[in-house]
Amino acid sequence: MRILAILPSYRPSAFNGTVGGGEISNRALLEGLAGRGHQLTVVTLNAGGSGSFSENGVDVIDLAEHGGIVPWVLSRSLFSRRIRRFISKRPEALPDVLLTGTEALGVAIKLRGTWGVPLALFVRAYENFDSPTGWKQKLKRFLKRITLGDFGPDAVAKVDMLLPNSEFMADYCSSHITGSVPARVVYPPLNVDVIGEPAESRVEVVSMVGTGEKKGTHVVHALAAEFPQLRFRVVGYPGLAPGEELERGNLTLVGWCDVQAEFRKRADLVLVPSLWEEPFGRVAIEALAAGKWLLVSDIGGLREAVSYQAELMAPAGDLVAWREKLAIMVEEPERCRTAWRAAASEFESFKAERQIDALAQALTELTHWQKST
């Protein structure tokens, strides 16, 4: 199968800079498809300054111009034309199927019409459906749409298959678009294994990742005051260097660090007290992999991440309920072991090999549907 992925950003693994989780997932999935014998070509506007390159079976073509705002606008405005020109020079790369993410959806829809091939869309967040707040975000969204095209609900409804990152996100997409678009869940691929069950010793160190208001950091601050005998750690605190720590009583603020190492070496219990509906609960699943007790908000993809186990969930933002749940985890953690085992038993479904298989099967189905219609 010849697959053309249209992705605004696709940097090599050696790129020394910030790379989002979605881009990391894309790279793992596409390299996995290439490893199964599929022909993978990525066209991008941001290859991290490396220009066009090949890595692990994926050919990456950088079609951007560099040097300022004018080249940036031109690159995006002419993206679809440059992709067509590239394919005209390399007809062997003419795809059987197109694969894209949010920002490039408008471009991908145009090319789908040009070549008459099916189009699948990764959906990993709410960008396709939410309206931005604040003038800077509105301006950014406006520039994206006038240069690359629409990627809102009406555009999503035009694709041939959705590839959401959770069952929750699949349901969300279904309820926010007109008509019916087939969906196949492809979770962010994980390359870690469950190292064992939580220790029988009492909970002493409690960790969480993230500091934004929607992450529910205030819940952890409140719990730290309620449980002075415990040590709380908040990872990813702004203003601190990576790994730097700042102690405030029994609460330690930590700069960005290796989250898996934080869980394995430091935490007895991981909290995910989000106030918003996380599309996918990666932090929760990483806590399970590290063999740690876990308590998450009962909303969004977090419910799915813990296999809907009530003992591992608390109502979002309800401080009384979180205090009660934490007290159980601290005083009687064995009451939660059956629920923890049930959640951990689903861990294999999130592994990278399983997700690569799911994506390959989805794209194969899509090309077969196209040929039969």
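The values are calculated or read from the model by the stated rules, or taken from the named source; none is laboratory data. Because the structure is predicted, anything quoted here is derived from the model rather than measured. All Cβ positions, even for glycine, are placed from backbone atoms using ideal geometry, and neighbour counts span all protein chains on display. The protein model used for the area step is the full one, side chains on, heavy atoms only, and it has no ligands, DNA or RNA in it. Shrake-Rupley method; radii C 1.70, N 1.55, O 1.52, S 1.80 Å.
Per-residue answers, yes or no, for (1) modelled with pLDDT of 95 or more; (2) surrounded by fewer than 15 Cβ atoms within 10 Å (Cβ to Cβ); (3) hydrophobic (A, V, I, L, M, F, W, C):
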residue	(1), (2), (3)
PRO71	no, yes, no
ARG76	no, no, no
PHE79	no, no, yes
ILE83	no, no, yes
PHE86	no, no, yes
PRO91	no, yes, no
LEU98	yes, no, yes
GLU103	no, no, no
PRO118	yes, no, no
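With the range 308-373 as the region, which helices (runs of 4 or more DSSP H) entirely inside it contain at least 3 residues that are open to solvent by 50 Å² or more (accessible area, probe 1.4 Å) and not β-branched (Val, Ile, Thr)?
319-331, 352-372
If you go through the range 198-209 one residue at a time, do you hit one that is in contact (Cβ under 8 Å) with a residue 40 or more places away in the chain, closer than 30 Å to LEU163 by Cα and over 21 Å from the mean Cα position of the chain (by Cα)? For the range 198-209, residues in contact (Cβ under 8 Å) with a residue 40 or more places away in the chain, closer than 30 Å to LEU163 by Cα and over 21 Å from the mean Cα position of the chain (by Cα): absent. Filter the range 219-238 down to the residues that are open to solvent by 10 Å² or more (accessible area, probe 1.4 Å) and within 24 Å of the chain's Cα centre (by Cα), then identify the one that is modelled with the highest pLDDT. For the range 219-238, the residue satisfying everything is ARG233. Is it the case that the range 356-373 has a residue that's of a type in the set (Lys, Arg) and in contact with a helix residue (DSSP H, G or I) (Cβ under 7 Å, 6 or more places away or on another chain)? Scanning the range 356-373 turns up no residue that is of a type in the set (Lys, Arg) and in contact with a helix residue (DSSP H, G or I) (Cβ under 7 Å, 6 or more places away or on another chain). Of the numbered criteria (1) surrounded by 21 or more Cβ atoms within 10 Å (Cβ to Cβ); (2) modelled with pLDDT under 95, the one ARG264 fails is (1). Does LEU251 fit the bill of being farther than 21 Å from GLU348 by Cβ, surrounded by fewer than 22 Cβ atoms within 10 Å (Cβ to Cβ), touching a Lys or Arg at 6+ places or on another chain (Cβ under 9 Å) and modelled with pLDDT of 95 or more? Considered against the rule, which asks whether it is farther than 21 Å from GLU348 by Cβ, surrounded by fewer than 22 Cβ atoms within 10 Å (Cβ to Cβ), touching a Lys or Arg at 6+ places or on another chain (Cβ under 9 Å) and modelled with pLDDT of 95 or more, LEU251 comes out as yes.
To keep it simple, each residue is scored yes or no on (1) touching a residue at least 60 places away in the same chain (Cβ under 8 Å); (2) basic (Lys, Arg).
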site: GLU244; (1), (2): no, no
site: ALA267; (1), (2): yes, no
site: PRO273; (1), (2): yes, no
site: GLU278; (1), (2): no, no
site: LYS292; (1), (2): yes, yes
site: VAL306; (1), (2): no, no
site: ALA310; (1), (2): no, no
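Residue by residue, here is whether (1) within 21 Å of VAL192 (Cα to Cα); (2) part of a loop (DSSP other than H, G, I, E, B) holds:
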residue: TYR237; (1), (2): no, yes
residue: LEU240; (1), (2): no, yes
residue: GLY243; (1), (2): no, yes
residue: GLU247; (1), (2): no, no
residue: LEU253; (1), (2): no, no
residue: GLU262; (1), (2): yes, no
residue: ALA267; (1), (2): yes, yes
residue: SER274; (1), (2): no, yes
residue: GLU277; (1), (2): no, yes
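Restricting attention to the range 178-206, and to residues there that are under 21 Å from ALA287 (Cα atoms) and not in a loop (DSSP other than H, G, I, E, B), which single residue is modelled with the lowest pLDDT? The qualifying residue modelled with the lowest pLDDT is LEU190. The listed residues are ALA14, ALA34, and the only one of them that is crowded, with 16+ Cβ neighbours inside 10 Å and not polar (S, T, N, Q) turns out to be ALA34. With respect to (1) open to solvent by 80 Å² or more (accessible area, probe 1.4 Å); (2) under 22 Å from the mean Cα position of the chain (by Cα); (3) modelled with pLDDT of 95 or more, the lone exception for LEU271 is condition (1). Please determine, by comparing only the residues of the range 127-177 that are polar (S, T, N, Q) and not in a loop (DSSP other than H, G, I, E, B), which one is least open to solvent (accessible area, probe 1.4 Å). Only one residue tops the list, namely THR147.
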